[in-house]
Amino acid sequence: MGRLQRTLSNITEETGADNGCIGVVGGSVDYPNQPALTARAALRTGSDHVRAVVSEEIYDIVASHDPNLLASKYEGERFDAVAVERVVEVSEWADAMVIGPGFADAEPDAVREAIDRIDVPIVVDAIAIEPSLDADLSKAILTPNESEEDAITESYNSLEAFTRETNAVLTFTGDTDEIIAHGERMQNETGTSALTVAGTGDTLAGITASLLGQGSDREEAAELGAWILGKSGELATAEKGPGVLATDVIGKIPDTIR
């Protein structure tokens, strides 16, 4: 925890400095709120500006979520080749990106193309993980849960082998979150069973992307992101009890960082 504590102290000390811009690509008609949760988590972690990029079908929902959130839209209901061009434009503005929260029917080829064309660090979440396996992941942190693990292990013998061969970093979420990088696995020390509630995976993606945008390297961002999520969950659960929500966890991120 010593190295992470120093990084946490640096984040606190640099309040008021340039803390980066984050782009969040995701959402669908079935899951319109996920990119907004991711974006709010990034803002609470300290990012200066966060822009959600969503389909025109859900733009009004996302844009009205939070007055602090920037929002852009692409044509149509589904993430496709046309949407990729808008995402690449936003990535040229951003210091880090997230792709995947709330996707339900994104075109796999479009997801792969977007990841390959984005030049800044990127967090790959949810159903964007499987199509990303054929993309360049040298700038990526993937956040698979147990149900998304099979897509990786079907092509690679293990998660450790996957990180060695692709240079990706993984935050493997479950009862105990684990960080896997360079073929090595470490466990996160914080958390609570309440973090199984919907939206906490989106929250993790936003925290992690914010840390990338503030200058953390991928392994450090993955480790500290999981730690902040877990500690924020502990604080929210202590206050709210078993009915804790992802928004409660997001609200505790500044207290955790302080």
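The values are calculated or read from the model by the stated rules, or taken from the named source; none is laboratory data. Owing to the predicted nature of the structure, the values given are computational and were not obtained by experimental measurement. So basically every Cβ, Gly included, is an ideal-geometry build from the backbone, and we count neighbours across all protein chains shown. Areas reflect the complete protein model, heavy atoms only, side chains present, ligands, DNA and RNA absent. Shrake-Rupley method; radii C 1.70, N 1.55, O 1.52, S 1.80 Å.
Quick notes on this one:
- Any hit, the stretch 124-132, residues being within 23 Å of Val50 (Cβ to Cβ), open to solvent by 10 Å² or more (accessible area, probe 1.4 Å) and outside any loop (DSSP other than H, G, I, E, B): yes
- Within the stretch 144-155, the residues that satisfy the criterion of being closer than 22 Å to Gly225 by Cα and either of a type in the set (D, E, K, R) or open to solvent by 10 Å² or more (accessible area, probe 1.4 Å) (or both) are Asn145, Glu146, Ser147, Glu148, Glu149.
- Residue pairs meeting the criteria (Cβ under 6 Å; at least 6 apart or on separate chains; first under 9 Å from Arg112 (Cβ atoms), in the stretch 128-144; second open to solvent by 50 Å² or more (accessible area, probe 1.4 Å) and basic (Lys, Arg)): Pro131/Arg112; Asp134/Arg112; Ala135/Arg112
- Residue ranges of helices (runs of 4 or more DSSP H) in the stretch 156-258 with at least 2 members under 23 Å from Glu146 (Cα atoms) and open to solvent by less than 10 Å² (accessible area, probe 1.4 Å): 159-166, 200-213, 218-240, 246-251
- The stretch 52-89, residues that are surrounded by fewer than 18 Cβ atoms within 10 Å (Cβ to Cβ) and touching a Leu at 6+ places or on another chain (Cβ under 7 Å): Asn68
Table: residues versus (1) aliphatic (A, V, I, L, M); (2) out of contact with any Gly (no Cβ under 6 Å at 6 or more places or on another chain); (3) under 14 Å from Gly26 (Cβ atoms).
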position: Tyr59; (1), (2), (3): no, yes, yes
position: Ser72; (1), (2), (3): no, yes, yes
position: Val82; (1), (2), (3): yes, yes, no
position: Val87; (1), (2), (3): yes, yes, yes
position: Glu92; (1), (2), (3): no, yes, no
position: Asp95; (1), (2), (3): no, no, no
position: Arg112; (1), (2), (3): no, yes, no
position: Val123; (1), (2), (3): yes, yes, yes
position: Glu130; (1), (2), (3): no, yes, no
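- Taken over the stretch 137-150, the criterion of being small (Gly, Ala, Ser) and at pLDDT below 95 is satisfied by Ser147 alone.
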